[in-house]
Amino acid sequence: EITGNQSIVEDDSTRLEVQISPPGAYSYQWSPPTGVACANCPATWVHPTNTTLYTVSVKNASQACQKSDKITVSVLPCNVYIPDIFSPNNDQQNDIFFVHGNTCVKQIKEMVLYDRWGEVIYYKENFPASDSQQGWDGRYLGNIVGTGVYTYKILVEFTNGKTNKYLGAVTLLR
């Protein structure tokens with residue numbers, strides 16, 4: 001049996017390990033060898049660039065017994081989710097507008113929200129994704145803003161060093 005993470009985000013790696021019974025002297029061969037740290041070890045790190053089916057062949061010392069097993073490691077894209085609606089009405093559900101990101105998001109470099117006249121009503125920089133405490137609560141200068149559509153510009157920095165700009169709008173409902 002092979003153990004290890006079956007899904008990772010792009011630019012990440014995972015450790016795959018063969019669990020074998022009974023213990024003994026075996027030889028191992030992982031394929032494909034691309035992105036495999038040690039192609040003939042019982043445990044190895046793999047760094048696939050896209051979803052990959054790995055096979056390990058195991059033989060005993062006399063090579064009389066041979067078995068193989070497979071595992072697929074899925075590579076998920078680096079991404080963020082930015083809601084298009086929120087309702088800051090203190091019902092403990094969807095009260096804060098914030099950016100959700102997976103593990104390859106390093107930080108939110110900048111989040112700017114604008115009212116319909118283009119005035120900046122919220123600005124924050126260099127904070128973690130997926131943290132509701134870092135989001136906008138629907139206030140400007142301490143006052144509750146009205147129901148409506150607010151545009152945003154969000155800069156997201158990924159762990160691979162790339163930065164993406166997201167432009168869009170969020171609807172605030174009360």
| query | Label points 7 Å out from Cα along the Cβ direction at Ala39 and Thr147: separation in nm? | reply | 6.4
| Taking the stretch 1-81, how much of its Cα-Cα pair set, in percent, is spaced more than 15 angstrom apart? | 54
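How much area per residue is accessible in the stretch 19-114 when the probe is 1.4 Å and only protein heavy atoms are counted (Å²)?
With all protein chains present, the stretch 19-114 gives 57 Å² per residue.
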| In whole Å, how far is the Cα centre of the stretch 1-29 from that of the stretch 31-109? | 13
| For the stretch 31-38, in order, what is each residue's ³J(HN,Hα) by Karplus, 6.51 cos²θ - 1.76 cosθ + 1.60 with θ = phi - 60°, in whole Hz (x at glycine and Pro)? | 8, x, x, 5, x, 9, 5, 9
| How large is the accessible surface per residue of the stretch 124-174, computed with a 1.4 Å probe and reported in Å² as a whole number? | 58
| note | Distance in nm between Asp115 and Thr159 label points, each 7 Å along Cα→Cβ, equals 4.1
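Report the gain in length on full extension from Gln92 to Glu1: 0.36 nm times residue separation, minus Cα-Cα distance, nm rounded to one decimal. Before the final figure, lay out each step's value.
Details: separation 91, 0.36 × 91 = 32.76 nm, distance 4.39 nm.
Length difference between fully extended and current span is 28.4 nm.
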| query | Candidates (1) 16.2, 48; (2) 23.9, 78; (3) 16.2, 54; which is the computed Rg and Dmax of the Cα atoms in Å? | reply | (2)
| request: Calculate what fraction, in whole %, of the accessible area of the chain sits on carbon and sulfur atoms when a 1.4 Å probe is rolled over the protein chains. | output: 48
| request: Please sort by residue number the trypsin sites (Lys or Arg not before Pro) in the stretch 40-125 whose DSSP state is loop and whose Cβ has at most 13 other Cβ atoms within 10 Å. | output: Arg116
| query | Share of antiparallel DSSP beta bridges in the chain, in percent to the nearest 5? | reply | 90
| query | Tell me which lysines have Cα within less than 21 Å of Lys67's Cα, excluding those fewer than 8 residues away on the same chain? | reply | Lys59
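The values are calculated or read from the model by the stated rules, or taken from the named source; none is laboratory data. Nothing here was measured: the structure is a model prediction, and the numbers come from that model. Cβ sites come from the backbone with ideal geometry, for glycine too, and all protein chains shown count toward neighbours. These accessible areas exclude ligands, DNA and RNA; they are computed on the full protein's heavy atoms, side chains included. Shrake-Rupley method; radii C 1.70, N 1.55, O 1.52, S 1.80 Å.
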